[in-house]
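Colleague: After the structure tokens below, expect a handful of questions from me.
Please treat every number below as a calculation from the coordinates, not as lab data. As the structure is a computational prediction, the values presented were derived from the model and not from experiment. Cβ placement follows ideal geometry from the backbone for every residue including glycine, while neighbour counts extend to all protein chains displayed.
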Amino acid sequence: MTVVPRRGILVLCLVAAASALLVLFATARGQSPPGATAASHREAPLISLDGPADITDFFMFRSYEPGNAEKVVLIMDVIPGEEPSSAPNYWNFDPNVLYSFSIDNDRDGKADDVRFDVRFKTEFRGIVSDLKLPLSYVALPPITALDGPGSEGLGLRQRYSVTMDTGRRRPQTLAEGLIAVPSNVGPRTMPDYAALAEQGVYGLDGGVRVFAGQRQDPFYMDLGGVFDTLNLRSPGVDQLAGFNVHTIALELPMSMVSRGSSVIGAYASTSRTQVRVRGEGRGRFKQVQRLANPLVNETIIGTVDKDRWNETEPEDERRFLDYYLKPRLAAALDLVIGPPTGCTPFGDNTCRPSPPEDVVLPGLDNFNRTDLVNILLKYAPSDRRLSELLRLNLRVAPTPLESQERLTILAGDQAGWPNGRRPRDDVLDIAIQVVGGPEYLTLMAGDNVDADDAPLPDRFPFLATPADGRNFLIAPDVQTPHLTPPAGL
């Protein structure tokens, strides 16, 4: 945790945060603060056993690619902790999983207005299939294309479809037969991986772009320090550095998702089919994970309820209200770190503890954090429906990548989380400061990891090239020369 006190910063931070949030949402529904909290790697017992369905991060933002500001970007990352050299069976999407983005554009808390579904199919092909080789990808010849000449060594290949469902008619197929970008095996097998991945960016009718494939994990966090009961250190260690994820990214015209609304809410989900009790075949899809605001399930929902939370729809969040009113993370900060936690300015007059005071155990009886409920579960404080969605004010212009502030609203950048979420946003530090309250804002609390290990691009799909399997954790100056294959191979 950063513990460098800055005299007078408490009032400034609270006023700046309050002003920014009110500006973001006043144009939408009067005086309305946003939705907020931090990523989602292996956050629940059951989903930790199901990597291809485990959503690590969900991003939603107005595009900051030059010339594309009128587009909305949705990104779902899955499969936490992809160690790049995990051969011979590298990482892939699961054809039995339904990957979905669900959007609420009438602000009723139900994300059922527009849904985008992505499904995958796996095929075995090329020289790998013909010769029954024991590897999925081989440089026979090197893989330089996803299809046609140069793709012969791409033995395990995944195609996918994208559909849009507005609930008014049958789902519309936006694309099918697209090819997912494979895992980054290494420089002999895939000599120009960046160029190969560029072939996986598809432009569709209506100004839509889509990408599916491996990317570098953009989340940065001292994972071990945080979950060793907040055993934080300085400097912090980004323990996700060097690891990859699988990414599904959609870029869409704002009108396609908003239907004229200035504010939208959304979440990402994964679902699996359930085996029928009678007869043969499979039943309907059942949601196995959801993710809107980051770190909600990891740090707010109790372990005994994590799996049930994943299966519940966001509009039913009232079932878990106690976790927001009496946040266990706040109690942990109070007991382990030291400064007492307290309310931010976004609660009502019943918000407690305010002013900050020591935590009362058991039961957290002095906690009534209505500010977290307003921030995380509502479009406006007056809303009666509670729904855990990531919300985005479309009237707020995007901030260019080079000008983005990792602490977003706390640093005056209104285009970042909790107004949507971008890959650069340091959601963990923001969450610690918001859940901790006034004294944690004063201390500028965090995990002392302030940037990702790989530079982020300012172009779709906005995540960096993944680490390759051959050179994982090898310094450039000790890499050995690439051998030349024998003639004829």
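Colleague: Calculate the FRET efficiency for residue 473 and residue 255 from the Cβ-Cβ distance with a Förster distance of 51 Å, rounded to the nearest 0.05.
Modeller: 0.65
Colleague: Now for a different question. Can you work out the FRET efficiency for the pair residue 169 and residue 284, with r the C-beta to C-beta distance and R0 = 25 Å, to the nearest 0.05?
Modeller: Here the calculated transfer efficiency is 0.80.
Colleague: Which three extents, in whole angstrom, do the alpha-carbon atoms of the chain cover along their principal axes, largest first?
Modeller: 76, 57, 50
Colleague: Turning to a different aspect of this structure: Over the chain, what is the mean sequence separation of C-alpha contacts under 8 Å (at least six apart), divided by residue count, expressed as relative contact order in percent?
Modeller: 24 percent
Colleague: Now for a different question. Let me have the 222 nm mean residue ellipticity of the chain computed from DSSP H runs of 4+ only, each contributing -39500 (n - 2.57), with the sum over all residues rounded to the nearest 500.
Modeller: Theoretical 222 nm ellipticity from helices: -4500 deg cm²/dmol.
Colleague: Turning to a different aspect of this structure: Are any of the pairs 326/378; 121/286; 121/378; 110/326 more than 29 Å apart by Cα-Cα distance, and if so, which?
Modeller: Table pairs above 29 Å Cα-Cα are 121/378.
Colleague: Distance in nm between label sites at residue 312 and residue 411, each 7 Å beyond Cα in the beta-carbon direction?
Modeller: Distance between label points: 3.4 nm.
Colleague: What angle do you read, to the nearest 10 degrees and between 0 and 90, between the alpha-carbon axis of helix 427-436 and the longest principal axis of the chain?
Modeller: Around 20 degrees separate the two axes.
Colleague: Right, here's the next one. Calculate the spin-label point distance for residue 192 paired with residue 451, positioning each point 7 Å from the Cα along the beta-carbon direction, and give it in nanometres.
Modeller: 2.9 nm
Colleague: With the convex hull built on the Cα atoms of segment 97-184, state its orientation-averaged projected area in nm².
Modeller: That works out to 7.5 nm², a quarter of the Cα hull's surface.
Colleague: Where in the chain lies the longest segment free of GluC sites (Glu not before Pro) that are both loop residues by DSSP (not H, G, I, E, B) and have at most 16 other Cβ atoms within 10 Å?
Modeller: 71-279
Colleague: Placing +1 on the Cβ of each Lys and Arg and -1 on the Cβ of each Asp and Glu in segment 304-445, which of 407, 427, 375 has its Cα farthest towards the positive end of the resulting dipole?
Modeller: 375
Colleague: With +1 on each Lys and Arg Cβ and -1 on each Asp and Glu Cβ, how big is the dipole of the chain about its Cα centre, in debye rounded to the nearest 20?
Modeller: Magnitude of the dipole: close to 1380 debye.
Colleague: Give the aspartates and glutamates whose C-alpha is closer than 20 Å to that of residue 306, dropping any in the same chain fewer than 8 places away, or say none.
Modeller: Counting by Cα, and skipping residues close in sequence, residue 306 has these aspartates and glutamates nearby: 43, 50, 54, 57, 77, 228, 298, 315, 316, 317, 322, 388.
Colleague: Still on this structure, I have one more. Okay, which of segment 180-210 sit inside 17 Å, backbone N to the point 7 Å along the Cα-Cβ direction of residue 458?
Modeller: Flagged as within label range: none.
Colleague: Which value in nm describes the separation of the simple spin-label points at residue 49 and residue 328, placed 7 Å from the Cα toward the beta carbon?
Modeller: Placing both labels 7 Å beyond Cα along the Cβ direction yields 2.0 nm.
Colleague: Using 1/(1 + (r/R0)^6) with R0 = 51 angstrom and r between the beta carbons of residue 132 and residue 229, what's the FRET efficiency to the nearest 0.05?
Modeller: Efficiency for this residue pair is about 0.50.
Colleague: Run through segment 308-390 and list the trypsin sites (Lys or Arg not before Pro) located in a DSSP loop whose Cβ has at most 16 other Cβ atoms within 10 Å.
Modeller: 384, 385
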